[in-house]
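A.B. asks: Provided herewith is a single structure, encoded as structure tokens, for subsequent inquiry.
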């Protein structure tokens, strides 16, 4: 059971997101320009179809990525992060990215469900992921602070909560590494049909590569409104997160995901999954 955490919320000025510079390409990435890769990433994402399980209800892809990210510390990873919506609430975050291994470019997909329903997901007509409903209970925070009436003030409150988070990446055989908060939410939303007054998804990252996704929502149940905090993994290594010095979430290492393929069970039933697609990264000269 995750403990309840109390926090006092104060106003703060808006924070500017500083994005790390793209990593320098090695010989293995010669010819793969950012423009070519980003166009290819978009075409990959457009090949997904995501539905709520046992229904015909499709999730809606937001056309533009919500983050162009780089990880200069790990295999020169670079990718685009997209979001699929269920109505007005985010349901899935998905990255398509490249990395370098043995001086050769590789392609991977990474998907995280933040949906309250089980999903069925295909890529180019091939079933690749079948996640069960995500755990959305999380931690109640700021019980003594009612969500503000204005959206701008609620954003200030969300940022104040996010600033008190500390995330750690716990790679095997290496010291723990503290993650960096990206202070601007990846997406902010209101979803009255789900009882959400306001919400935002934040990232704790290496460079600008999200390792932990944090959902902060002002939820209304009856006449009572409270802030809720839920964390989701976005890496297969062990991870943990603390709030005001108290650990509120952790995720164990899943090394099998380092070399997983589409619909690799039982991992493809989890809310987080990463895999190498059946079709590898085309040669640079084949990309437009």
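The values are calculated or read from the model by the stated rules, or taken from the named source; none is laboratory data. Bear in mind the structure is a predicted one, so any value in this text is a computation, not a measurement. Note: ideal-geometry Cβ built from the backbone for every residue, glycine included; neighbour counts use all protein chains shown.
A.B. asks: Name the strands (runs of 3 or more DSSP E) wholly inside segment 162-257 in which the number of residues that are touching a helix residue (DSSP H, G or I) at 6+ places or on another chain (Cβ under 9 Å) and surrounded by fewer than 21 Cβ atoms within 10 Å (Cβ to Cβ) is 1 or more. Working first, answer last.
C.D. replies: Numbers: elements: 165-170, 180-191, 196-206, 209-221, 224-233, 238-243, 246-251.
Strands (runs of 3 or more DSSP E) meeting the threshold: 180-191, 196-206, 209-221.
A.B. asks: Looking only at segment 147-177, how many residues end up being within 20 Å of residue 70 (Cβ to Cβ) and touching a strand residue (DSSP E or B) at 6+ places or on another chain (Cβ under 6 Å)?
C.D. replies: We begin by selecting, within segment 147-177, every residue within 20 Å of residue 70 (Cβ to Cβ); these are 167, 169, 171, 177.
If we keep only those that are touching a strand residue (DSSP E or B) at 6+ places or on another chain (Cβ under 6 Å) as well, we get 167, 169, 177.
Residues meeting the conditions: 3.
A.B. asks: Name the one entry in 105, 131 that is outside any loop (DSSP other than H, G, I, E, B) and touching a strand residue (DSSP E or B) at 6+ places or on another chain (Cβ under 9 Å). Outline the logic, then answer.
C.D. replies: Numbers: 131 fails: outside any loop (DSSP other than H, G, I, E, B).
One residue alone meets the criteria, 105.
A.B. asks: Looking at 43, 39, can you tell me which residue is farther than 29 Å from residue 133 by Cα and either part of a strand (DSSP E or B) or at pLDDT 95 or above (or both)?
C.D. replies: Working: 43 fails: farther than 29 Å from residue 133 by Cα.
Unique residue meeting the criteria: 39.
A.B. asks: Looking for whichever is within 20 Å of residue 48 (Cβ to Cβ), crowded, with 19+ Cβ neighbours inside 10 Å, at pLDDT 95 or above and more than 16 Å from the chain's Cα centre (by Cα) here; the options are 114, 92, 128. Which one fits?
C.D. replies: Details: 114 fails: more than 16 Å from the chain's Cα centre (by Cα); 92 fails: more than 16 Å from the chain's Cα centre (by Cα).
Step by step, each of 114, 92, 128 is checked, and only 128 is within 20 Å of residue 48 (Cβ to Cβ), crowded, with 19+ Cβ neighbours inside 10 Å, at pLDDT 95 or above and more than 16 Å from the chain's Cα centre (by Cα).
A.B. asks: How many residues does segment 43-65 contain that are surrounded by 17 or more Cβ atoms within 10 Å (Cβ to Cβ) and either under 29 Å from residue 285 (Cβ atoms) or within 14 Å of the chain's Cα centre (by Cα) (or both)? Give the steps one after another, and end with the answer.
C.D. replies: Kept after step one, since they are surrounded by 17 or more Cβ atoms within 10 Å (Cβ to Cβ), are these residues of segment 43-65: 44-45, 48, 50, 52, 59, 61, 65.
If we keep only those that are either under 29 Å from residue 285 (Cβ atoms) or within 14 Å of the chain's Cα centre (by Cα) (or both) as well, we get 44-45, 48, 61, 65.
Qualifying residue count, segment 43-65: 5.
A.B. asks: Which residue pairs have Cβ atoms under 8 Å apart, sit 6 or more places apart or on different chains, and have a first residue in segment 194-214 that is on the phi > 0 side of the Ramachandran plot and at pLDDT below 95 and a second that is surrounded by fewer than 23 Cβ atoms within 10 Å (Cβ to Cβ) and part of a strand (DSSP E or B)?
C.D. replies: Between residues of segment 194-214 that are on the phi > 0 side of the Ramachandran plot and at pLDDT below 95 and residues that are surrounded by fewer than 23 Cβ atoms within 10 Å (Cβ to Cβ) and part of a strand (DSSP E or B), the close pairs are 195/219; 195/220; 195/221; 207/70; 207/71; 207/180.
A.B. asks: Another question, then. Quick one: count up the residues across segment 216-238 that are more than 21 Å from residue 162 (Cα to Cα) and modelled with pLDDT under 90. Let's see the steps before the verdict.
C.D. replies: At the first step, the residues of segment 216-238 found to be more than 21 Å from residue 162 (Cα to Cα) are 221-224, 236-237.
With the extra rule that they be modelled with pLDDT under 90, the set shrinks to 221-224.
Looking only at that region, the number is 4.
A.B. asks: On the basis of being within 15 Å of the chain's Cα centre (by Cα), in contact (Cβ under 8 Å) with a residue 12 or more places away in the chain and on the phi < 0 side of the Ramachandran plot, does residue 235 make the cut?
C.D. replies: Numbers: within 15 Å of the chain's Cα centre (by Cα): yes; in contact (Cβ under 8 Å) with a residue 12 or more places away in the chain: yes; on the phi < 0 side of the Ramachandran plot: yes.
Yes; evaluated as a whole, the condition is true for this residue.
A.B. asks: Within the bounds of segment 145-155, is there any residue that is touching a residue at least 60 places away in the same chain (Cβ under 8 Å) and under 26 Å from residue 36 (Cβ atoms)?
C.D. replies: no
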